[in-house]
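Input: a single structure, listed below in structure tokens.
Just so it is clear, none of the values below were taken in a lab; they were calculated from the coordinates. Source: prediction; values computed, not measured. Virtual Cβ from ideal backbone geometry, glycine too; neighbours counted across all protein chains shown.
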Amino acid sequence: MEINQTYELKNGNRQYNYFKCIQYMQQQGRILYGSSYRIHPSQRQQVYRLLIYATGNKEECKLYGIDLQKGLLVIGPENSGKTSLLHLLKPFFETKQRYLIRSSREVAFCYNRFGNHTLQQYLFHDLPYCFDDLGLEHSTLDNELLKEMLQFRLSNAVNNTHIITRLHEPAIAERYGKDFSIMLYHSLNHIEFTTSFNL
């Protein structure tokens, strides 16, 4: 299946068949992650919300309380498929909205190894990024670095900033402070996965 088989053009607009979109994601997942990859039925509701956001479906987003002017905050336990799904979701975004996925630990490591200039790509360019594994940084200094960088982005490029984390709101508040936790939940669309799988 090609991605252009997941929608029909009507009056110049793409009308997506979300069942076919999930089929396409699962097909691509098997190519990238192995033949045993599948999107579990219990994940379909969250994947549907991700898809209506990615495809800019205003009516459905309004129905589900999703703000297209905000980024994504994707929460779930380890092995719940968060990162793989965010990779597979990218083709459904318009080209200029297709984010690069960066591990929070990678951001901190590059800063500690090579200095301030490594943060410029995240701070001073209007590029979409998805920051993975927020909360798994190695030190308090790394936590503070990610916190300040994300605060800047959420104040200046909120619709181009997405976050993946295992941490729920109380744990985010404990690690980064209550104000930062409130900012995340206020600035981003919260989508939560609840179950771990051996994906």
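Below is a table of values for the structure above.
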| quantity | calculated |
| --- | --- |
| Charge dipole of region 3-192 about the Cα centre (unit charges at C-beta), most positive-ward option of 134, 64, 76 | 64 |
| Kirkwood hydrodynamic radius over Cα pairs of region 1-50, then Stokes diffusion coefficient at 4 °C and 1.567 mPa s, in µm²/s | 110 |
| Where labels lie 7 Å past Cα in the beta-carbon direction, separation of residue 5 and residue 168 in nm | 4.1 |
| Choice from 62, 147, 178 showing the highest fluctuation, given a GNM over the chain with Cα pairs closer than 10 Å | 62 |
| Unit charges on C-beta of K, R, D, E only; dipole of the chain, Debye | 540 |
| Descending semi-axes in Å of the chain, equivalent ellipsoid built from Cα gyration tensor | 29, 19, 17 |
| Note, ³J(HN,Hα) from phi for region 42-55, Karplus 6.51, -1.76, 1.60, rounded to Hz, x at Gly and Pro | 5, 9, 4, 5, 5, 5, 4, 5, 4, 5, 5, 5, 4, 8 |
| Whole-Å distance, taken between Cα centres, linking region 43-66 and region 70-87 | 15 |
